[in-house]
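The values are calculated or read from the model by the stated rules, or taken from the named source; none is laboratory data. All values reported here derive from a predicted model rather than from experimental measurement. Because the Cβ atoms are built from the backbone with ideal geometry, glycine has one as well, and the counts that use them run over all protein chains shown.
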Amino acid sequence: MSWHEEIREARIRKGLGQKALAKLIDVSQATIAKIEVGQVRSTEHLAKLCEALDIDPSTMPEEAFGRSRPPQRPAPASAAPVPEYARDPAYWAAAAGLVGDVPLYAAAEGGAGALIIEREPIGSAKRPPILQGVKDGYAIYLVGESMVPEFEPGDTLFVNPRLPVLANTSCVFYSSKADEPRAMVKRYLGASDSEWHVRQYSPSKDFGLDREEWSTRHRIVSKNFR
């Protein structure tokens, strides 16, 4: 591949048209076109082209620059050797919190159907298969009967905060306006511009949660029976 073709390929990879590239380096589109079809043997604009297209100037032939070649980029410092234990994928998975137990948080009834979630975990729970490899997964020890029979007091709910929330899935909704970490466990049905439409089972009712106040939703993916 000639250096002219390399310029063209690099421009296409960057998603730039000839006109856009010309504007970047302050030349005419005709200049770019002549370079790309090989009508010039050298150009004083090559250094700017390399910079705009993330091309290492040292890969270009000396004579293509018209004048002197720009200073070459310094060679990167050699990386320190990786410790043997760090070559094991399991090491990185553990370091990233993708394996092992998940933190378990306690909940207390907070009135009006809400829960107060402890700020610090009270322990840990064995990570279920559905949370293997999931960063920031956690568990809640549930109180309250508003979601019986789907969830009962004493059940451990496992939560994946990374999953998108879909209609007809159960979620933990967190309030952004309370001094204490208030939450609700409800069935998510859908949304309007201002509310989340949710359902509880005991007593059975559908109602709305203010989207601004209950802005955070985490999806429940599994449970352990009490």
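Summary of computed values
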quantity	calculated
Total residues in the range 201-226, condition surrounded by 13 or more Cβ atoms within 10 Å (Cβ to Cβ), within 22 Å of the chain's Cα centre (by Cα) and part of a strand (DSSP E or B)	5
Matching residues in the range 129-142 - criterion: being closer than 18 Å to H218 by Cβ and either of a type in the set (S, T, Y) or surrounded by fewer than 17 Cβ atoms within 10 Å (Cβ to Cβ) (or both)	I130, Q132, G133, K135, D136, Y138, Y141
Flag for Q132 being modelled with pLDDT of 90 or more, of a type outside the set (G, A, S) and in the same structural domain as D101 (by TED's automatic domain parsing)	no
Elements of type helices (runs of 4 or more DSSP H) contained in the range 1-95, each with 3 or more residues being out of contact with any Phe, Trp or Tyr (no Cβ under 6 Å at 6 or more places or on another chain) and at pLDDT 85 or above	3-13, 18-25, 29-36, 46-52
Residue satisfying condition, being part of a loop (DSSP other than H, G, I, E, B) and in the same structural domain as G110 (by TED's automatic domain parsing), within set V185, V143, V172	V143
So G190, is it assigned by TED's automatic domain parsing to the domain that holds D101 and assigned to a loop (DSSP other than H, G, I, E, B)	no
Within the range 176-200, considering residues that are free of Cβ contacts under 8 Å to residues at least 60 places away in the same chain and of a type in the set (K, R), the one surrounded by the fewest Cβ atoms within 10 Å (Cβ to Cβ)	K177
Selection count where residues are closer than 11 Å to V102 by Cβ, in a loop (DSSP other than H, G, I, E, B) and β-branched (V, I, T), scope the range 122-140	1
Test: residue in the range 152-161 that is at pLDDT 85 or above, within 23 Å of W214 (Cβ to Cβ), assigned to a loop (DSSP other than H, G, I, E, B) and among the small types (G, A, S)	no
